[in-house]
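A short write-up of the structure that comes next.
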Ligand SMILES: [Zn+2]
């Protein structure tokens, strides 16, 4: 099934003619293909492609009359910024945030279309970054283009004159280095050029994408992100000869430690997740709503069965991660030779924390799980970032919700927490509430979550066609 093209009957409230939407959509798809063809991989080797991407985006913004700035705190690593002016009567700016870097991709991993070819085929734009997150970059550039066109149509200069109808400024920010912590992108800008990001609120990656649960179409709007802790654990045993096995072989101890650490913990429902579950339940049939109740219940087997019955395994895995602190052991080193018992092993674990869990709580939890192995383990905290939350009510959140409802009357917008972190963790230092809202309406069977960092990453051409007017309406309404 393919989504219908926009017509006067199904497009949202904004007052542009259909031909203008189609022209903007055509620009957007071509621009996205070009941007995917710039392999802005992070970590860069050597640096350069991120700067190329920043310059390409800047050239696009310049082509419709803006005066963007490329910031390059480290050679070859560029972020790009631009501003549209409102008349100043509406308060602080609105921020369209994105990142331009992508994770690596190897064509030999089985890509149908080359990851850096930007092919448009079978209704999709294919390639690394199509989902994370050059598709949203293209939507945001598309909104800037349409707003700039408003100024030009009135004989004004979009780089300097107030845009007709806008009372707030609109900031465009597309940063480098998000995929590696963001310290040479958004983190640097927050510390050194905060005026480029300071806003009343903004939108960023990952939420606002339709997901099917129990046959209904939901649009989770990301209002929170889990915290992130990384620990390195050194496990000490005793060296020895492989011919005479010993219980204190560090590899054997570490394997048991991994098993204990990786066992899922008890669920804990945070206020955002409570609201998500309640609002999803309210939109489902009573029997489905009862299943949803079991998801958050104490019985792990019932919870699992309910998840399986309600939604695709991909979304089930996401939900499971969102109701508990998670621990994923991702690196394991031990051993020097097949006949030498290792006296030392190293484990690295990726921990994602719920709001309300402190870094101290996590250290304590690790010691509890390690139990009698704890004396043999030395814990080193490698990274720590606290969870981030934006209000799930108020003007901007209500507007996001209304924009979804206007564009998809059968869709149900709901608040959600992301299991991962984004550049929002840097913006929180400026007090900028950010919402994960990159509006896309997907086909019911699309497993969008799997496309993040995955093989055959791609975004639907029709999904983008649906999303542009939604983002345009949000921007012009919040700033109008
Ligand atoms: Zn991303």
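Since every read-out is calculated from the coordinates, none of them should be taken as a lab result. From a predicted model like this one, the values you see are computed outputs, not experimental measurements. For neighbour counting, all protein chains shown are included, and Cβ atoms are generated from backbone atoms with ideal geometry for every residue, glycine included.
Grab the eigenvalues of the alpha-carbon gyration tensor for the chain, scale each by 5, take roots, and send me the semi-axes largest first in whole angstrom. Walk me through the intermediate numbers first.
Numbers: eigenvalues 341, 140, 88 Å².
Listed largest to smallest, the semi-axes of the chain are 41, 26, 21 Å.
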When 40, 328, 243 are arranged by how many other beta-carbons sit within 10 Å of their Cβ, fewest first, they go 243, 328, 40
With a ≥ b ≥ c from the Cα gyration tensor eigenvalues, square-rooted, and the rule rounded for a/c under 1.5, otherwise prolate when a/b > b/c and oblate otherwise, segment 327-413 is prolate
Taking only the Cα positions of segment 279-361, the convex hull volume per residue in Å³ is 156
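Rounded, prolate or oblate: which one fits segment 195-241, using the alpha carbon gyration tensor with axes a ≥ b ≥ c (rounded when a/c is under 1.5, else prolate when a/b beats b/c, else oblate)?
On the way: a/c = 5.79, a/b = 1.80, b/c = 3.21.
Oblate.
Just want the ordering: 477, 358, 353, 175, from fewest to most Cβ atoms lying within 10 Å of their own Cβ.
358, 477, 353, 175
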Bounding extents of segment 260-302 in its principal axis frame from Cα atoms, largest first in Å, are 38, 22, 12
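Kindly provide the Kirkwood hydrodynamic radius of segment 211-309 in Å, to one decimal, from all pairs of distinct alpha carbon atoms. List each step's numbers first, then the result.
Values: mean 1/r = 0.0576 Å⁻¹.
Across segment 211-309, the inverse of the average 1/r is 17.4 Å.
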Taking only the alpha carbons of segment 238-289, the radius of gyration and the largest Cα-Cα distance, Dmax, both in angstrom, are 22.7, 63
Taking the alpha-carbon centre of each part, the distance from segment 193-236 to segment 130-181 in Å is 21
Rounded to the nearest 10 degrees, the helix 313-322 long axis (Cα) sits at an angle to the longest Cα principal axis of the chain of 80
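Would you order 478, 116 from fewest to most other beta-carbon atoms within 10 Å of each residue's own beta-carbon? Present the calculation step by step, with values, prior to reporting the outcome.
On the way: 478 24, 116 19.
The order, fewest Cβ neighbours first, is 116, 478.
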Note to self: C-alpha centroids of segment 434-452 and segment 271-304 sit apart, in Å, by 21
Relative to the chain, whose Cα atoms define the longest principal axis, helix 250-262 and its Cα axis are tilted in degrees, nearest 10, by 50
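Please work out whether segment 83-131 counts as rounded, prolate or oblate from its C-alpha gyration tensor, where a ≥ b ≥ c are the square roots of the eigenvalues and a/c under 1.5 means rounded, while otherwise a/b larger than b/c means prolate and anything else oblate? If you can, show how the numbers build up before the last one.
Values: a/c = 5.41, a/b = 2.88, b/c = 1.88.
Cα axes put segment 83-131 in the prolate bin.
Given a cut-off of 16 Å, what percent of all Cα-Cα pairs of segment 435-480 lie beyond it?
Values: 488 of 1035 pairs.
Counting every Cα pair in segment 435-480, those more than 16 Å apart make up 47 percent.
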Relative to the chain, whose Cα atoms define the longest principal axis, helix 271-283 and its Cα axis are tilted in degrees, nearest 10, by 70
Taking every C-alpha to C-alpha distance in segment 9-127 and binning by 10 Å from 0, the per-bin percentages run 11, 32, 34, 18, 4, 0
